[in-house]
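**Student:** Shown below is the structure under consideration.
The values are calculated or read from the model by the stated rules, or taken from the named source; none is laboratory data. Owing to the predicted nature of the structure, the values given are computational and were not obtained by experimental measurement. No Cβ is skipped: glycine too gets one built from the backbone with ideal geometry, and neighbour counts run over all protein chains shown.
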Amino acid sequence: MKSTIALACSCLAVLAAMAEGTSKLTPEERQARKEKVFAIQMRKNGGMVRKAGSMQGRIAIVNAQSKVDAAEFEKALEPLRKTLRMDIALVKGNAVNLATVSDEFKKQQANLALFIVEDNAIPGTILVMPENAWGILNIAPLVVGADREKFCARVLKETVRAFAYVAGAANSQFSGSIMGPVAELGDLDGIDTCRLPPDMQARIFNYVERFGVKPYIQTTYLNACREGWAPAPTNEWQKAIFDQVKADKERGPTNPITIPPPNKKK
């Protein structure tokens, strides 16, 4: 037990030292380090490539309010796109209410949609209709007791929460996450992140596939060659990997595993 604790402490110390060292780098040094890591990965496995046509479907975030700029929403949506690898589009839309939202959803030509509105006539903040594949985020209640900065923070947090509900995820097992219980605005203000916890991601993948939404497939160029869908090489490292994998497949196993047949029963 003591050795395990000591090892854990040692690892934490190393990580802390690495983080501290990175924080002291100049922008030029950080860029040089990124380029060095990129070159290493390129030589090793050809870098990362995306499978053409693997991303399917579209989730629309329909911005139908005027109090928060679109650029603010992008701050919350861009991490979602990178994490989920899905087409999550922020689009300008017309204001909707409970009577018109279904027609507006059809106009979006999206598999799922979240409408962001400001309407005191809509009860509550988040309304989700799972069978209809859309939801509404009403930002009107979020202005209570908030200055401009706090109001924007509330809107962005609720955008991610509402998106997760529309995409089939809720109630994370990770305490303090953005998908924890929110019974009042103070609970929302106490959340310090807009990022989805890991357990929400798996639920979203399984749920949205039912509605025709699939993430793009991304892997190393080496794996893509082995799986047979790699695009044409674009540099000398990818060309070397492509030729090597092709040669390996044509040659076949040079030292195959042989399994002797089981002994026959007498």
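**Student:** Quick one: would you say PHE174 is under 22 Å from LEU80 (Cα atoms), at pLDDT 95 or above and surrounded by 12 or more Cβ atoms within 10 Å (Cβ to Cβ)? Outline the logic, then answer.
**Tutor:** Details: under 22 Å from LEU80 (Cα atoms): yes; at pLDDT 95 or above: no; surrounded by 12 or more Cβ atoms within 10 Å (Cβ to Cβ): yes.
Against the criterion (under 22 Å from LEU80 (Cα atoms), at pLDDT 95 or above and surrounded by 12 or more Cβ atoms within 10 Å (Cβ to Cβ)), PHE174 does not qualify.
**Student:** If I filter region 149-161 for residues that are out of contact with any helix residue (DSSP H, G or I) (no Cβ under 9 Å at 6 or more places or on another chain), closer than 22 Å to PRO198 by Cα, in contact (Cβ under 8 Å) with a residue 40 or more places away in the chain and not charged (D, E, K, R), do I get at least one hit?
**Tutor:** Within region 149-161, none of the residues are out of contact with any helix residue (DSSP H, G or I) (no Cβ under 9 Å at 6 or more places or on another chain), closer than 22 Å to PRO198 by Cα, in contact (Cβ under 8 Å) with a residue 40 or more places away in the chain and not charged (D, E, K, R).
**Student:** Of everything in region 177-197 that's of a type in the set (A, V, I, L, M, F, W, C) and in a loop (DSSP other than H, G, I, E, B), which residue is surrounded by the fewest Cβ atoms within 10 Å (Cβ to Cβ)?
**Tutor:** Here the residue is ALA183.
**Student:** If you take the residues in region 55-70 that are of a type in the set (A, V, I, L, M, F, W, C) and within 22 Å of the chain's Cα centre (by Cα), which one is farthest from ASN94 (Cα to Cα)?
**Tutor:** Result: MET55.
**Student:** Search region 23-61 for residues being of a type in the set (Lys, Arg) and loosely packed, with under 15 Cβ neighbours inside 10 Å, and hand back the single one that is farthest from ASN223 (Cα to Cα).
**Tutor:** My answer is LYS24.
**Student:** Right, something else. Quick one: is ILE122 over 23 Å from LYS75 (Cα atoms), β-branched (Val, Ile, Thr) and not in a helix (DSSP H, G or I)?
**Tutor:** When the stated conditions are applied, ILE122 passes them.
**Student:** Restricting the search to region 212-232, which residues are in a loop (DSSP other than H, G, I, E, B) and either among the basic types (Lys, Arg) or out of contact with any Gly (no Cβ under 7 Å at 6 or more places or on another chain) (or both)?
**Tutor:** Selection gives PRO215, TYR216, ILE217, GLY228, TRP229, ALA230, PRO231, ALA232.
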